[in-house]
Amino acid sequence: MWLKTLFFVIVYMISFGTGQRTPTISYISQEQIKDIGDTVELECSVQYAQDYPVLWMKVDRGRTMEPLPISTGSTLIIPDGRFSLRYDTASSTYTLQVKDIQEADAGYYQCQVIIALY
C-alpha cells in the first residue's frame, strides 16, 4: 500500500513541477533597411509558446494607423502574394518574408506573443 501511495505522491509532484512556462521571444531580427524591389526576411524565435498565438504585426512609422495583423501562428492573414511565412518547428522560429518591397511596406514589424486577452 505504501508503494502505491508513494507513486501517487511522485506523480502529483511531477505534475506541479512541470507547470506551464511563460512564453518568451528569444530572438528577433534587428532593424533592416532595404531598397525598393528588394526582399526582406524577418525572424522571430519563441520559447514555450505552443499554447499561445504568435503574431506578426505591421505598425505604421507615424503611428497614424492601427497596427495591421500580418499572421497568426503559421497562417498568413494579409492577402498579398509578396508576403510569405515559414515556421521551423525545430527552432520555433517564424520567418516573415516580403518580396518586391514597395514604399507602402515601410514601417515597424513586430513579433508578438499574446499571453492574455483583456
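Count neighbours as other Cβ atoms within 10 Å of each site's Cβ, and list the trypsin sites (Lys or Arg not before Pro) in the range 20-103 that are DSSP loop with at most 16 such neighbours. Don't skip to the end; give the middle numbers.
On the way: sites: Arg21, Lys34, Lys58, Arg61, Arg63, Arg82, Arg86, Lys99; in loops: Arg21, Lys34, Arg61, Arg63, Arg82, Lys99.
When the trypsin sites (Lys or Arg not before Pro) of the range 20-103 are filtered for loop state and at most 16 Cβ neighbours within 10 Å, Arg21, Lys34, Arg61, Arg63, Arg82, Lys99 remain.
When the chain is fully extended, how far beyond the present Cα-Cα distance does Asp80 get from Met65, taking 0.36 nm per residue of separation?
Contour length minus the Cα-Cα distance gives 3.5 nm.
Alpha carbons only, please: Rg and Dmax for the range 23-113, in angstrom.
For the range 23-113, the Cα radius of gyration and maximum Cα-Cα distance read 12.8, 38 Å.
For a quick check: with amide H placed at 1.01 Å from N, whose amide H comes under 5 Å from Ile70's, ignoring anything fewer than 5 positions away on the same chain?
Close amide H contacts, sequence-distant or interchain: Trp56, Met57, Lys58.
Any read-out appearing in this document is the output of simple, stated calculations on the displayed coordinates, not a laboratory observation. These numbers come from a predicted model, not from an experiment. Don't worry about glycine lacking a Cβ; one is built from the backbone with ideal geometry, like all the others, and counts go over all protein chains shown.
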